[in-house]
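Q: Got a structure here, written out as structure tokens. Questions coming.
The values are calculated or read from the model by the stated rules, or taken from the named source; none is laboratory data. Since this is a predicted model, take the numbers as computed values, not measurements. Cβ: placed from backbone, ideal geometry, glycine included. Neighbour counts: every protein chain shown. Heavy atoms of the whole protein, side chains included, go into the accessibility calculation; ligands, DNA and RNA do not. Shrake-Rupley method; radii C 1.70, N 1.55, O 1.52, S 1.80 Å.
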Amino acid sequence: MSKKLIAGLMLSACVLALGLAGCGGQKAAGPAKETVLKVGSDTAYAPFEFQDEKSKEYVGFDMDLIQAIGKQIGAKVEVQSMNFDGLIPALEAGNIDAAISAMTITEERAQKVNFSKPYYKSGLTIVVKSDNNVIKGFKDLEGKKIAVQIGTTGADEAKKVKDAQIREFNTAPEAFMELKAGGVDAVINDRPVNDYYIKEAGGKDAKQVGDPLTSEDYGIAVAKKNTELAEKINKAIDELKKNGEFDKIYQKWFGTKS
């Protein structure tokens, strides 16, 4: 058999086999890789995000919401726990795709990241020890010791108080512990987090005083250049509100519909 005929037969066999095993060392394409959404969160901020003592899983309103969003856009959500003040730098560095952590939408932050549409309306309130009858509102904080979580709007508001001594902590629970120990006179933090802390403590250790200091909207942050993901998240939030899933999650954690 001539060399040309042999080469022709080999080429024909190779072409026929392409759909199965490939030819010349080429392999058939495998299954598509699962899309992963890497999400950063400060997981010590109940009831929005915290670690369940038994399961050790991250739970809370934000955690349920981001899982529902991930399902809506067809992505597996992987949550990375980190300090709140490290979330935006992590987005800018590309270490995470999104951040959900009861993050207030502010002009300053919006210069660094893209925010989703608001998904929760909050406000800052003051927490003092149960037996404190001196502090009744924001004006009574002058010259007092105030605990806040670093990098939050609560910290920003506390710094506006005349002659106040500000103590910043990495997490909200640390700020509350300092209040309980008597190291500070008050804590300024987001109202739902304060509500949850007082509820869990049975109202024995602390109480809220005065009217809410601000009205704030929470948003999900993504990198400034990642407009496509921001659009997908917005579309998912709309769909979850339309099909009732958002209200189910909201009622689970706050006892009422959104």
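Q: Evaluate the following for Gly60: is it in contact with a helix residue (DSSP H, G or I) (Cβ under 9 Å, 6 or more places away or on another chain) and on the phi > 0 side of the Ramachandran plot?
A: yes
Q: So, one more: From Gly40, Gly74, grab the single residue that is open to solvent by less than 90 Å² (accessible area, probe 1.4 Å), modelled with pLDDT of 95 or more, more than 12 Å from the chain's Cα centre (by Cα) and within 20 Å of Ala230 (Cβ to Cβ).
A: Unique residue meeting the criteria: Gly74.
Q: Still on this structure: Mind checking which strands (runs of 3 or more DSSP E) fall wholly inside segment 38-142 and carry at least 1 residues that are touching a Ser or Thr at 6+ places or on another chain (Cβ under 6 Å), charged (D, E, K, R) and within 28 Å of Ala206 (Cβ to Cβ)?
A: 49-51
Q: Just to be sure I understand, how many residues within segment 147-167 are of a type in the set (Gly, Ala, Ser), in contact with a Gly (Cβ under 9 Å, 6 or more places away or on another chain) and either open to solvent by 20 Å² or more (accessible area, probe 1.4 Å) or within 17 Å of Met103 (Cα to Cα) (or both)?
A: Number satisfying all stated conditions: 2.
Q: Sticking with this structure for a sec: Part of a strand (DSSP E or B) and either modelled with pLDDT of 95 or more or hydrophobic (A, V, I, L, M, F, W, C) (or both) - does that describe any residue in segment 230-250?
A: no
Q: Could you list, in sequence order, the residues of segment 197-231 that are charged (D, E, K, R), within 18 Å of Lys121 (Cα to Cα) and over 20 Å from the mean Cα position of the chain (by Cα)?
A: Residue satisfying the conditions is Asp211 alone.
Q: What residue, among those in segment 59-71 that are aliphatic (A, V, I, L, M) and open to solvent by 10 Å² or more (accessible area, probe 1.4 Å), is nearest to Glu168 (Cα to Cα)?
A: Here the answer is Val59.
This table checks each residue for (1) of a type in the set (Gly, Ala, Ser); (2) in contact with a His (Cβ under 8 Å, 6 or more places away or on another chain); (3) farther than 30 Å from Leu240 by Cβ; (4) at pLDDT 95 or above.
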{"residue": "Tyr119", "(1), (2), (3), (4)": "no, no, no, yes"}
{"residue": "Ile126", "(1), (2), (3), (4)": "no, no, yes, yes"}
{"residue": "Phe138", "(1), (2), (3), (4)": "no, no, yes, no"}
{"residue": "Gln165", "(1), (2), (3), (4)": "no, no, yes, yes"}
{"residue": "Ala175", "(1), (2), (3), (4)": "yes, no, yes, yes"}
{"residue": "Ala186", "(1), (2), (3), (4)": "yes, no, yes, yes"}
{"residue": "Ala201", "(1), (2), (3), (4)": "yes, no, yes, no"}
{"residue": "Asp205", "(1), (2), (3), (4)": "no, no, yes, no"}
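Q: Pairs only if they're at least six apart or on different chains, beta carbon under 6 angstrom, first in segment 242-258 and touching a residue at least 12 places away in the same chain (Cβ under 8 Å), second buried (at least 18 other Cβ atoms within 10 Å of the Cβ); list them, first residue then second.
A: These pairs meet every condition: Glu245/Ala68; Phe246/Leu240; Ile249/Asp64; Ile249/Leu65; Trp253/Pro47; Trp253/Phe61; Ser258/Tyr250.
Q: Next up: Report yes if Asn133 is in contact with a helix residue (DSSP H, G or I) (Cβ under 6 Å, 6 or more places away or on another chain), of a type outside the set (A, V, I, L, M, F, W, C) and at pLDDT 95 or above, otherwise no.
A: Answer is no for this residue.
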